[in-house]
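The structure appears right after this line, and notes come after that.
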Amino acid sequence: MKLPRPRDIPLWAKGIRPRLILAFIVVALVATVAASGASYVSGRRAVLTAAQDDYMTTLRDNINTIAPTITMPPDQTTLDLVARKLGYDATIVYQGMNSSQSAALSWFPDDLRSEVRAANQLFFQRVDRYGGPYLLVGMPVLAFRPDGTATHSGIEVYAVHSLYTAQQSIEEFADNGWKTAAVAIPLAMLIALLAAGAVLRPVRRLRDAARSLAKGDLSTRLVTTGSDELTDLARTFNDTAASLEASMTELRRMEADARRFVADVSHELRTPLAAMTAVNEILEEETGLTPDAGQAARLVGGETRKLARLVEDLIEISRFDAQTAMLDTHREDVGAMIAGTLRTRGWTESVEADLPAGVFAPVDRRRLDVIVANLVGNALRHGEQPVRVVLRREGADVVVEVTDSGPGLAPDVVPQVFGRFYKADAARARSEGSGLGLSIALKNANLHGGGIEAGNSPDGGARFVLRLPGERSEV
């Protein structure tokens, strides 16, 4: 027989309640069968022993009573008379003669008859004939000498006794065992249900509390009464929940402080950076500076612009973290907007664009410009030309695909490419970007209800796919 594999077992059969009920039923069934079996064996032995002992005692007493009246040597008439006195189930045998109206000698095996002829004692054997049990008894009739010693008279008595009544008593034992099992199994199921309810009630409370904790309700606690193992588990759960709540409260406070610090610092830096940028622009345009002073002014100007972009990106990230970023969507021609982004940043000659007209979508113009600028700028800085921008529709979505011709993204880079300040190459830790561009682009895409997928194109270059929900068709 092929046993079921664990994954083939139905889900409902794997719970504690079914297993507990099954365990109780198995224990009850085994105990009942064992008790009934032991009772049946002992009862059967007792009934059969009592039945055969009673019969053999009665037969021996009757033979001992009749023996003194037998005339030796007996003739056929004497044998028949003795058989009639003992009953129709007895056969009297003497030196080749046997009583005429008696049980058939064919029932008695030769070995039993040989033992009766050779010894001065009673022999018996149980046999099954005609669908029922019978007792075969053979014994010699003893003659007593003048000195009082017993000797074999040559007369043998063979009797057949039905054990049908004893068999009925034994069958009653078996029936009572089955009836006991029939009562014990439902009783075991009832006890199992009550026990399962008592055991599973605190388990269910613990499960519900764990689910509530998993959903973020760190104030969840269990009522603890008693001193059993489940109560200890509930106390452990409460201690764990309290520790987790305290840790999460502290982490949230620290995170809020860090966000507030970044936002405050970014806002505080904004004003002086604006002044520094204006001064640097004047210095860069100044023609009276020495070559070294001009180079220094241009270096300071470039670094100031990088710092200004970093501050703007940090301010933008802080808005997303504080969940205060808002959309100002309008129905826009996405192709025209992307073309405007490329034109404004002077990328028209560096980028191959396929921007069909008439692809409209509800977008925030400023945020879409940030997304495209980050994706294309990233491809220009870290990939190789040509860089391609392709706009198309896919069902109800608007898809913008940006690819470059560089070596592509390593497999270990793809899952982390949208991380804050993540740079795939540690050697370019000082680069023009802030390390926040792709993260901001993804946040803006998510704010629109879309997303960005990172990977590699079939040609080997990096590929970023922006997917935004398009216009809903009106029925």
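The values are calculated or read from the model by the stated rules, or taken from the named source; none is laboratory data. Since the model is a prediction, treat every value here as computed from it, not as a measurement. A quick note on method: Cβ atoms are made from the backbone with ideal geometry, for glycine too, and the neighbour counts reach across all protein chains shown.
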- Query: Looking only at segment 313-337, which residues are part of a helix (DSSP H, G or I) and more than 48 Å from the chain's Cα centre (by Cα)?
  - Reply: 334, 335, 336, 337
- Task: Could you grab me the full set of residues in segment 219-248 that are touching a residue at least 24 places away in the same chain (Cβ under 8 Å) and assigned to a helix (DSSP H, G or I)?
- Result: 230, 231, 233, 234, 237, 241, 244, 245, 248
- Restricting the search to segment 240-259, which residues are surrounded by 13 or more Cβ atoms within 10 Å (Cβ to Cβ) and either in contact with a strand residue (DSSP E or B) (Cβ under 7 Å, 6 or more places away or on another chain) or modelled with pLDDT under 75 (or both)? 259
- Query: Can you tell me how many residues in segment 364-391 are outside any helix (DSSP H, G or I) and either among the aliphatic types (A, V, I, L, M) or more than 17 Å from residue 340 (Cα to Cα) (or both)?
  - Reply: 8
- Selected residue (only one of 220, 240, 236, 249 is touching a Ser or Thr at 6+ places or on another chain (Cβ under 7 Å) and of a type outside the set (A, V, I, L, M, F, W, C)): 220
- Item | In segment 330-346, the residues that are in contact (Cβ under 8 Å) with a residue 40 or more places away in the chain and farther than 15 Å from residue 390 by Cβ | 331
- Message: Looking at 51, 67, 46 in this structure, which one is more than 20 Å from residue 136 (Cβ to Cβ) and under 60 Å from the mean Cα position of the chain (by Cα)?
- Response: 46
- Task: Could you check, for segment 142-150, whether at least one of its residues is out of contact with any Cys (no Cβ under 6 Å at 6 or more places or on another chain) and either at pLDDT 80 or above or among the acidic types (Asp, Glu) (or both)?
- Result: yes
- Task: Determine whether segment 276-286 contains at least one residue that is in contact with a Gly (Cβ under 9 Å, 6 or more places away or on another chain), in a loop (DSSP other than H, G, I, E, B) and either at pLDDT below 80 or on the phi < 0 side of the Ramachandran plot (or both).
- Result: yes
- Query: In this structure, does residue 435 turn out to be in contact with a strand residue (DSSP E or B) (Cβ under 6 Å, 6 or more places away or on another chain), modelled with pLDDT under 90 and not polar (S, T, N, Q)?
  - Reply: no
- Note on the structure: Over segment 91-118, the set of residues at pLDDT 80 or above and among the small types (Gly, Ala, Ser) is 99, 114
- Item | Boolean, residue 372 is within 22 Å of residue 438 (Cβ to Cβ), among the aliphatic types (A, V, I, L, M) and at pLDDT 90 or above | yes
- Test residue 400 against the stated conditions and say whether it is modelled with pLDDT of 90 or more and surrounded by fewer than 19 Cβ atoms within 10 Å (Cβ to Cβ). no
- Item | Hey, residue 394 surrounded by fewer than 16 Cβ atoms within 10 Å (Cβ to Cβ), within 28 Å of residue 325 (Cα to Cα) and not assigned by TED's automatic domain parsing to the domain that holds residue 312 or not | yes
- Listed by first then second residue, the pairs whose first member lies in segment 446-460 and is of a type in the set (Asp, Glu), whose partner is in a strand (DSSP E or B), with beta carbons under 9 Å and at least 6 positions apart or on separate chains, are 453/463; 453/464; 453/465; 453/466; 453/467; 459/403
- Message: Just to be sure before I move on: is residue 304 at pLDDT 90 or above and part of a helix (DSSP H, G or I) in the structure I sent?
- Response: no
